[in-house]
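Everything on this sheet refers to the single structure shown next.
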Amino acid sequence: MPQVKGEVKVIFAPSKKIKGITFGLLSPDAIRKMSVGSIITPDTYEEDGTPIDTGPMSLRLGTIDPTQKCKTCGNRVGQCPGHFGHIELAKPVVHVGFVKVIHQLLDATCQKCGRLLIAEEEIAKMRQMMKERPRLWSILKPKVVPKVVKKAMKTMECPHCGEEQSKVKLERPTTFYEKTKTGERRITPDVIRARLEKIPDEDYEVMGFNPKLSRPEWMVLTVLPVPPVTVRPSITLETGLRSEDDLTHKVVDIIRINERLKEQIDMGAPMAIIEELWDLLQYHVTTYFDNEVSGVPPARHRSGRVLRTLAQRLKGKEGRFRSSLSGKRVDFSARTVISPDPNLSINEVGVPVDVAKTLTVPEKVTPWNIDELRELVIRGPYEHPGANYIVRPDGRRIDLRYVKDRKVVADVLAPGYIVERHVRDGDVALFNRQPSLHRMSIMAHKVRVLPYKTFRLNLCVCPPYNADFDGDEMNLHVPQSEEARAEALTLMLVEQQILSPRYGGPIIGGTQDYILGAYLLSHKTTTLEREEVERLLFMCGKTDIPRPVILKPKELWTGKQVISALLPQGLNYTLKASSCRKCRECTKSECPHDAYVVVSNGELVAGLIDKKSIGAGEPESLFHRIVKDFGIAAGSWFLDNALKLFLNYAFMHGFSMSIDDKRLPEEAIKEIEDALKKAEDKVSRLIEKYKRRELEQLPVKTLEETLETMIHEVLSNARDEVGKIAAKYLKPTSRALIMARSGSRGSILNLTQMAAAVGQQTVRGERILRGYFERALPHFKKGDLGAIARGFVYSSFKKGLSPLEFFFHAMGGREGLVDTAVRTSQSGYMQRRLINALQDLHVEYDGTVRTADDKVVQLKYGEDGVDPSKSDHGKAVNIAKTIEKVLGVAALE
Amino acid sequence: MKKFTILDHELVPKHVLLTKEEKRELLERLAIRPDQLPWIRASDPVAKLIGAKPGDIVKIIRKSPTAGESIAYRFVVP
Ligand SMILES: [Mg+2]
Ligand SMILES: [Zn+2]
Ligand SMILES: [Zn+2]
Ligand SMILES: [Zn+2]
């Protein structure tokens with residue numbers, strides 16, 4: 001109905017809504033009906049290169065040649081949709097896709113009368129339900145039908161005509177046998193077809209089929225559709241030779257054998273010859289549908305390459321579904337190597353000039369931007385803030401690369417034109433790193449066009465992308481519409497993603513050097529001179545310098561003062577730092593290790609700022625508090641400025657690690673040796689005891705297992721003890737120790753392995769025993785249960801491993817590598833399946849979780865209705881922190 | 001000898017059959033057909049014990065690690 005709205009005539013086209021899709025089988029008649037003609041010639045082209053009219057490349061099936069017109073519809077390449085042909089098969093063949101169904105149908109129905117092998121009354125009962133209560137039937141169907149079919153298959157005498165039945169055997173892929181008293185007899189496809197024809201519609205329905213959409217005999221093919229040439233185009237090679245599509249090859253094979261078979265039948269050839277050709281036809285039709293059927297040698301190209309036929313086009317990663325439908329390729333995207341830039345904001349991404357000159361944003365010309373856009377057009381496609389295309393109001397595109405005088409084009413610019421200008425500073429872009437495992441794998445950034453050839457990003461956004469700079473590449477997409485940009489900016493901007501929906505905590509935050517810098521700056525011995533304080537605070541835009549704590553002989557500031565200047569006013573907070581030594585009784589703010597952070601009204605009173613305070617992925621951290629209580633803006637300011645300051649303090653301070661960081665004094669080495677000796681003695685005493693059968697057996701364990709557990713315990717205790725000794729004797733200035741304590745890199749375990757002893761190596765959680773009979777290596781006695789023989793490494797990495805220890809360590813190390821490889825592939829597959837299953841779940845306005853068709857999954861999201869990213873580590877409220885916030889820190893002291 | 005029922009087991013949450021009125025109210029509140037609820041078999045051991053018949057709706061009150069107590073409904077199917 002045309003409606004007039006002002007000047008514009010709006011026409012509402014009649015529209016129909018798709019209610020559903022049904023799938024069925026093509027009947028032979030349907031195949032003939034949709035066909036434009038029978039294809040009978042097993043050759044593609046004449047000598048002169050014109051397609052043979054009755055061949056598989058017939059012009060009646062559509063055209064792929066731009067110089068030719070389709071003989072059916074008269075259209076040319078883009079217009080002609082392609083048309084089906086057909087092949088009349090000389091003898092019927094079984095469709096591989098349906099052999100299982102055919103087998104069931106043959107077994108469940110009478111060989112003589114074709115009825116379902118179920119008593120008449122029972123069939124009638126089910127048919128009645130079908131008719132009178134179709135809703136109930138549709139619910140019961142999936143449960144009842146298999147039961148009925150199973151029962152029918154077991155019945156060996158027809159309840160309708162009394163005929164005795166014989167079992168039908170399916171020999172994969174496509175041969176059927178009948179087990180009779182005299183032996184096995186093959187049933188040929190024409191017999192199968194005849195039997196299936198006899199099944200009445202009524203019984204067929206009871207078996208769960210819809211006779212309107214599929215008759216069982218259609219599963220045995222008598223006519224084969226030949227797909228249009230448009231789905232199997234031939235390729236002309238550079239040499240001028242034509243190369244046909246794999247499907248065309250297969251169709252040619254089928255026609256060739258079919259024609260030979262026809263000839264032989266007409267000539268009245270002996271049955272043996274006919275059967276041989278018939279089997280060959282079955283083979284070609286089978287591989288035409290699926291070239292990976294087990295038990296069938298795959299059809300090959302002359303070169304020996306396996307043909308890609310129908311099923312292969314759809315299946316798997318490279319198939320139509322995963323590759324063409326779920327995985328689409330896009331324009332306005334770029335990919336390159338990434339590198340770090342701590343001077344960018346977390347919301348920014350550095351884009352190389354070369355990329356910026358290729359990616360464009362369409363901008364509508366208005367009276368307000370026309371002058372600016374003219375300038376861009378004049379600058380053209382080769383200079384950075386320029387433009388690549390102009391779209392005229394009539395939709396015609398002008399490529400500025402081929403415009404001689406861009407000034408002229410710029411002059412005709414007027415409102416209504418669209419200029420596709422280069423991406424420039426401030427534009428929105430989506431940035432992504434694979435594997436895209438969670439929401440934060442694609443985030444919106446604001447573009448900063450920069451020299452060189454890599455994308456650059458702030459280091460704080462590495463954790464959500466799981467990115468590092470050892471050659472990682474990332475993708476960039478430029479939204480093209482106002483809506484897309486608005487959506488990206490409000491929902492996907494990096495700062496919107498600081499709090500992870502995975503758990504209540506910030507996923508974006510400090511790592512490595514940031515944490516180290518903060519630790520060093522907050523250390524109680526750190527003092528700074530005026531110049532240093534000014535340099536640090538000015539880079540955060542802070543211009544008021546606090547009063548120095550020491551005035552004479554020189555003005556000096558503490559590091560904590562500098563950090564306090566960065567914290568928001570009104571912040572009250574306490575936490576145990578990463579460097580906490582887990583003292584038996586925590587003295588809180590009196591902690592001798594300064595490991596208890598106290599922030600009172602935005603003032604860092606005590607404590608070392610380390611991983612627990614500013615680290616990425618640390619819930620209930622100082623940074624988490626700032627984001628939750630002072631908002632996203634404060635959080636993103638903190639990341640952009642405070643963390644940059646920490647990093648720069650690390651630069652100012654300087655930090656390098658050497659082998660000396662792991663050097664232990666003589667007495668420490670002695671002590672470690674003693675501890676290990678003691679453990680070794682304990683182990684040998686255990687073994688003695690075991691041999692004398694005096695060992696007390698642990699519950700649910702054999703004696704051997706008991707021994708293993710006890711030895712394991714002794715040795716792992718030994719390593720812990722050794723670790724403690726090492727930590728005790730390591731110089732407090734040891735850089736490695738500082739890194740481990742602050743949580744910036746490495747752990748105490750790494751340290752003890754380097755300085756003291758590497759410890760027990762395991763494979764599958766057990767001490768190593770594999771390789772030789774009753775021993776791991778031929779260097780040991782059979783049945784040696786001692787520590788060394790079973791993979792305990794006494795040496796430290798610093799000292800170096802003995803050849804045997806090295807070998808054991810390699811065994812343990814390899815298991816780790818194999819594990820991660822297996823785990824990633826397994827969890828990747830699981831993730832795919834979970835996403836497929838859960839992708840349409842949504843929270844309705846009434847708070848319920850529903851599927852796409854509005855089925856209820858949960859009455860309240862997560863049963864409590866809490867958004868995990870707004871929660872406190874999963875909990876809706878954090879009472880302790882709330883009290884602390886209200887009463888101030890002093891109340892807790 | 002005391003007879004054992006699975007309803008006494010601590011891992012079996014409380015199942016309650018809804019009355020006709022409660023059923024109507026629930027379906028109206030959620031604006032759904034009964035089959036849009038998750039299903040439970042009439043042959044389910046608990047459903048059998050509380051006498052649930054196909055077409056009924058069962059209310060399940062269970063302990064939840066996130067919410068303390070949570071409520072779910074099941075539509076009884078044959
Ligand atoms: Mg990497
Ligand atoms: Zn055509
Ligand atoms: Zn019969
Ligand atoms: Zn402490």
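The values are calculated or read from the model by the stated rules, or taken from the named source; none is laboratory data. Predicted, not measured: the structure shown is a model, and the values here were computed from it. Glycine also receives a Cβ, built like all others from the backbone with ideal geometry; neighbour counts cover every protein chain displayed. Please note that ligands, DNA and RNA were not included when accessible areas were found on the heavy atoms of the full protein model with its side chains. Shrake-Rupley method; radii C 1.70, N 1.55, O 1.52, S 1.80 Å.
All of (1) part of a helix (DSSP H, G or I); (2) within 14 Å of another protein chain (Cβ to nearest Cβ) hold for A:D819 with one exception: (2). Out of A:P56, A:P92, one residue alone is part of a strand (DSSP E or B), buried (at least 18 other Cβ atoms within 10 Å of the Cβ) and either within 16 Å of ligand 2 (Cβ to nearest atom) or not basic (K, R) (or both). It is A:P92. Among the residues of region A:837-860, write down those that are more than 10 Å from chain B (Cβ to nearest Cβ) and on the phi < 0 side of the Ramachandran plot. Across region A:837-860, the qualifying residues are A:A837, A:L838, A:Q839, A:D840, A:L841, A:H842, A:V843, A:Y845, A:V849, A:A852. Regarding region A:625-634, can at least one residue be identified that is within 14 Å of A:G517 (Cα to Cα) and open to solvent by less than 10 Å² (accessible area, probe 1.4 Å)? No, region A:625-634 contains no residue that is within 14 Å of A:G517 (Cα to Cα) and open to solvent by less than 10 Å² (accessible area, probe 1.4 Å).
A:G800: touching a strand residue (DSSP E or B) at 6+ places or on another chain (Cβ under 8 Å), outside any helix (DSSP H, G or I) and surrounded by fewer than 16 Cβ atoms within 10 Å (Cβ to Cβ), yes or no? Let's see the steps before the verdict.
Numbers: touching a strand residue (DSSP E or B) at 6+ places or on another chain (Cβ under 8 Å): no; outside any helix (DSSP H, G or I): yes; surrounded by fewer than 16 Cβ atoms within 10 Å (Cβ to Cβ): yes.
Judged against the criteria, A:G800 is not a match.
Within the set A:K552, A:K582, A:K576, the sole residue that is over 21 Å from A:H653 (Cα atoms), surrounded by 15 or more Cβ atoms within 10 Å (Cβ to Cβ), of a type in the set (K, R) and out of contact with any His (no Cβ under 8 Å at 6 or more places or on another chain) turns out to be A:K576.
The set of residues in region A:130-153 being surrounded by 12 or more Cβ atoms within 10 Å (Cβ to Cβ), more than 14 Å from chain B (Cβ to nearest Cβ) and basic (K, R) consists of A:K150, A:K151.
Residue count for region A:642-658 satisfying the condition of being open to solvent by 50 Å² or more (accessible area, probe 1.4 Å) and within 13 Å of A:G559 (Cα to Cα): 2. When region A:792-834 is filtered for residues that are without any contact (Cβ under 8 Å) to a residue 24 or more places away in the chain and hydrophobic (A, V, I, L, M, F, W, C), the ones remaining, listed by number, are A:F806, A:A810, A:L817, A:V818, A:A821, A:V822, A:M830, A:L834.
Would you mind stating whether A:P189 is more than 14 Å from chain B (Cβ to nearest Cβ), in contact with a Gly (Cβ under 7 Å, 6 or more places away or on another chain), more than 16 Å from ligand 2 (Cβ to nearest atom) and within 28 Å of A:A272 (Cα to Cα)?
On the way: more than 14 Å from chain B (Cβ to nearest Cβ): yes; in contact with a Gly (Cβ under 7 Å, 6 or more places away or on another chain): no; more than 16 Å from ligand 2 (Cβ to nearest atom): yes; within 28 Å of A:A272 (Cα to Cα): yes.
For A:P189, the condition - more than 14 Å from chain B (Cβ to nearest Cβ), in contact with a Gly (Cβ under 7 Å, 6 or more places away or on another chain), more than 16 Å from ligand 2 (Cβ to nearest atom) and within 28 Å of A:A272 (Cα to Cα) - is not met.
In this entry, A:P592 passes the filter for residues that are away from ligand 1 (no atom under 16 Å from the Cβ), without any contact (Cβ under 8 Å) to a residue 40 or more places away in the chain and open to solvent by 10 Å² or more (accessible area, probe 1.4 Å).
Condition first: open to solvent by less than 40 Å² (accessible area, probe 1.4 Å) and among the polar types (S, T, N, Q). Now tell me which residues in region A:359-395 satisfy that. Within region A:359-395, A:T360, A:N369, A:N388 qualify. When A:M474 is tested against the conditions (1) within 16 Å of ligand 1 (Cβ to nearest atom); (2) of a type in the set (A, V, I, L, M, F, W, C); (3) surrounded by fewer than 19 Cβ atoms within 10 Å (Cβ to Cβ), the lone failure is (3). The listed residues are A:I614, A:I669, and the only one of them that is under 46 Å from the mean Cα position of the chain (by Cα), of a type outside the set (F, W, Y) and crowded, with 18+ Cβ neighbours inside 10 Å turns out to be A:I614.
Within region A:861-876, restricting attention to residues that are within 11 Å of chain B (Cβ to nearest Cβ) and open to solvent by 80 Å² or more (accessible area, probe 1.4 Å), which residue is nearest to A:R625 (Cα to Cα)? So that I can check it myself, show each step before the final result.
At the first step, the residues of region A:861-876 found to be within 11 Å of chain B (Cβ to nearest Cβ) are A:861-866, A:868, A:871, A:874-876.
The next check asks that each one be open to solvent by 80 Å² or more (accessible area, probe 1.4 Å); those that pass are A:861, A:875.
On the way: A:Y861: 25, A:K875: 15 Å.
The selected residue is A:K875.
Of the listed requirements (1) more than 23 Å from A:I508 (Cα to Cα); (2) open to solvent by 50 Å² or more (accessible area, probe 1.4 Å); (3) outside any loop (DSSP other than H, G, I, E, B), A:D661 misses just one: (2).
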